[in-house]
Amino acid sequence: MPAEPDQPVTELLRAVQAGDAGAAERLLTVVYEELHQLARARMAHLPPGQTLQPTALVHEAYLRLTDKSDAAWESRRHFFFAAARAMRDILVKQARRKARPVRGGGRQRQELDEACAVLKPPAEDVLAVHEALQELEQQDPVKAQIVLLRYFSGLTTAETAEVLGMAQRTLDREWRYTRAWLLKQLG
């Protein structure tokens, strides 16, 4: 995340919460590029052939965030946490929709022959990660925030440490533990 001052974004967030329609547009122009970077980073980890593009993900997440009349963002950091969660929810909803029988969910691919096999299907499963993350949120909310920022938002370790206000070494240790825990859960 670029090191911009928190004040303008925080002021815009308060204006949006107060119902200023123009503030919502100004807020989008200020945070759009950062939201787009988060979306691109997250979409880079998804299997090829996604119908949802990063721009659409940003717009959908932004609409969800600004559409809530009860939204109360305390700061820029809180807003980006909410944005990361909204993006995660959208991706999980899409993964569930694709997993339905109407969309081919549950069907297994059959290779015609070895010459046709170009790529192996990716091992990543958004729904399994989501369920593991829900369990982690109940056990340790800070570790869940780390996963949210690293995995779903695509932030680096240094950026995540800055957002959470942690020392980078502490975050590295927490991230190593959390990755091991997730691998065990996803087994």
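Each reported figure results from applying straightforward, stated rules to the coordinates on display, with no laboratory input. Note that the structure is a prediction, hence the values are computed from the model and not measured. Here the Cβ is made from the backbone with ideal geometry for all residues, glycine too, and neighbour counts use every protein chain on show.
Quick notes
- The stretch between residue 186 and residue 169, if pulled fully straight at 0.36 nm per residue, gains 3.6 nm over its current Cα-Cα span.
- Förster radius 22 Å - calculated FRET efficiency between residue 53 and residue 30 (Cβ-Cβ, nearest 0.05): 0.50
- The 3J(HN,Hα) values that the Karplus relation (6.51, -1.76, 1.60; θ = phi - 60°) gives for the stretch 16-23 are, in residue order, 5, 4, 6, x, 6, 5, x, 5 Hz. Gly and Pro appear as x.
- Separation in nanometres of the label points that stand 7 Å from Cα toward Cβ, at residue 162 and residue 15: 2.5
- Relative intensity, log₁₀ I(q)/I(0), of the stretch 19-60 from a Debye sum that treats every alpha carbon as a point, q = 0.21, 0.22, 0.34, 0.35 Å⁻¹: -0.67, -0.71, -1.14, -1.17
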